[in-house]
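One structure is given below, represented as structure tokens, and several questions about it will come after.
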Amino acid sequence: MAEEDDNHAEAWLRLKPVEPLPSQCCGSGCSPCVFDLYHRDLERWERAQARNDRSLLSGKQPPESQGCSTKLSPETFLAFHISTMEKVTKDTYLVRFTLPENSKLGLLPGQHLILRGIVDGLEIQRAYTPISPVTAEGYFDILIKCYQTGLMSRYVESWRTGDTAFWRGPFGSFLYEPKKYGELLMLAAGTGLAPMVPILQSITDNEDDETFVTLVGCFKTFEGIYLKTFFQEQARFWNVRTFFVLSQEVSLEQLPWSYRDKTCFGRLGQELVDELVACCRRKPFTLVCGSAAFTEDIARCLLSAGLTKDSYFLF
């Protein structure tokens, strides 16, 4: 009898959800977070165990779906095949994922997804924002910067065309509404441009949306600027202006003529933020995306420039 009880208890322990490792949280404030899902499943397990009823576990979602589908879920990882992988700078890749039957991904402009990777047996999760238009059919594009010591970077650099990657989502609390703002001031560093791209494209694709846009991209060098052709095309619209801040360039003469009047050197700091806010054509709402240090510094600069906390959003 005692042996039966032990076997019974052991069987329930095998069904108990495993608490995620810190590396499995992307740190982006997603809801539900991987820890939210764990606590939900743990509550189900405890209730089922107390009632000795395994049918109460049936509400659990599978950890991932092997078949390619476009029905995104914040809780379930879905499989998407890599169709192309282009190295756009020495450390950044533009990766295209295939959607079945020319379907759409279903994100709103600026929303992001969570990528799941496994390196040396360790599961990791990171947030990335698709840069493809929300109207894109049959594919979505992700811009990913890799770091020498990054675990997710090792996983991404192992990808080859035809491989499968697992995503869940969408996430993101900023939902762009056409014509809601007089002007959007977009301040981005590096791949922080990602959420700005679909928002900007949604504005210029909509003839009825006359929102002004001032986009400022911060990079180390001119060669390191992402998506040059895209931003040149966007800057041709009457309501769009683009500027660049380069921290490791020193001579305008080294830049193409078309960039000399819209590029400055150094870092985006208080003086330049003051100037950008002052030159906005309408009252701006500011979007900020970059490293944690960048967003913190820019938020401080915006407050000093006279903006209130409800007049900017930090991705």
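Residues to consider are F243, F230; find the one that is in contact with a strand residue (DSSP E or B) (Cβ under 8 Å, 6 or more places away or on another chain) and either closer than 29 Å to L303 by Cα or in contact (Cβ under 8 Å) with a residue 24 or more places away in the chain (or both).
F243
I'd like the full set of residues that are open to solvent by less than 70 Å² (accessible area, probe 1.4 Å) and either in a strand (DSSP E or B) or touching a helix residue (DSSP H, G or I) at 6+ places or on another chain (Cβ under 7 Å) (or both), limited to region 85-96.
M85, V88, T89, T92, Y93, L94, V95
Mind checking which helices (runs of 4 or more DSSP H) fall wholly inside region 218-315 and carry at least 2 residues that are polar (S, T, N, Q)?
So the answer is 228-234, 292-304.
Only residues in region 97-121 that are at pLDDT below 90 and in a loop (DSSP other than H, G, I, E, B) count as the first member; pair them with residues that are hydroxyl-bearing (S, T, Y) and buried (at least 20 other Cβ atoms within 10 Å of the Cβ), Cβ under 8 angstrom, at least 6 apart or cross-chain, and list the lot.
Listed by first residue and then by second, the contacts come to G110/T129; G110/Y176.
Let me ask you something else. Could you check F174 against (1) open to solvent by 30 Å² or more (accessible area, probe 1.4 Å); (2) closer than 30 Å to E75 by Cα; (3) not aliphatic (A, V, I, L, M) and say which number it fails?
Condition not satisfied by F174: (1).
Quick test of your reading of the structure: L215 fulfils all but one of (1) closer than 24 Å to S103 by Cβ; (2) touching a Ser or Thr at 6+ places or on another chain (Cβ under 7 Å). Name the failing condition by number.
Going through (1) closer than 24 Å to S103 by Cβ; (2) touching a Ser or Thr at 6+ places or on another chain (Cβ under 7 Å) one by one, L215 breaks only (1).
Still on this structure: Please find, within region 216-268, the residue that is least open to solvent (accessible area, probe 1.4 Å) out of those that are among the basic types (K, R) and farther than 17 Å from A188 by Cα.
Among residues in region 216-268 that are among the basic types (K, R) and farther than 17 Å from A188 by Cα, the one least open to solvent (accessible area, probe 1.4 Å) is R260.
Still on this structure, I have one more. Of the residues S153, S202, which is at pLDDT below 95 and out of contact with any Gly (no Cβ under 8 Å at 6 or more places or on another chain)?
S153
What single numbered condition from (1) in contact with a Gly (Cβ under 6 Å, 6 or more places away or on another chain); (2) farther than 16 Å from L276 by Cβ fails to hold for S173?
For S173, the failing item is (1).
Another question about this same structure. Taking F212, is it at pLDDT 95 or above, more than 16 Å from I131 (Cα to Cα), open to solvent by less than 40 Å² (accessible area, probe 1.4 Å) and not aliphatic (A, V, I, L, M)?
So F212 passes the test.
Among the candidates P170, P178, P195, which residue alone is over 16 Å from H81 (Cβ atoms) and without any contact (Cβ under 8 Å) to a residue 60 or more places away in the chain?
P178
Before we move on, is T214 more than 26 Å from L113 (Cα to Cα), polar (S, T, N, Q), assigned to a strand (DSSP E or B) and in contact with a Lys or Arg (Cβ under 9 Å, 6 or more places away or on another chain)?
no
Of these, P133, P100, which one is over 18 Å from the mean Cα position of the chain (by Cα) and open to solvent by 20 Å² or more (accessible area, probe 1.4 Å)?
Answer to the selection: P100.
Let me ask another. Here's a check for you: in region 139-171, which residue that is of a type in the set (G, A, S) and surrounded by 15 or more Cβ atoms within 10 Å (Cβ to Cβ) is farthest from E101 (Cα to Cα)?
The qualifying residue farthest from E101 (Cα to Cα) is G150.
Going by what's in this entry, would V197 be described as closer than 16 Å to G290 by Cα and open to solvent by less than 30 Å² (accessible area, probe 1.4 Å)?
For V197, the condition - closer than 16 Å to G290 by Cα and open to solvent by less than 30 Å² (accessible area, probe 1.4 Å) - is met.
A further question follows. Going residue by residue through region 144-159, is there one that turns out to be in a helix (DSSP H, G or I) and touching a Lys or Arg at 6+ places or on another chain (Cβ under 7 Å)?
The answer is yes; a qualifying residue exists.
The values are calculated or read from the model by the stated rules, or taken from the named source; none is laboratory data. Computed from a prediction, not measured in an experiment: that's the story for all the values here. Heads up, the Cβs are rebuilt from the backbone with ideal geometry, glycines too, and the neighbour counts pull from every protein chain shown. Note: areas computed on protein heavy atoms with side chains; ligands, DNA, RNA excluded. Shrake-Rupley method; radii C 1.70, N 1.55, O 1.52, S 1.80 Å.
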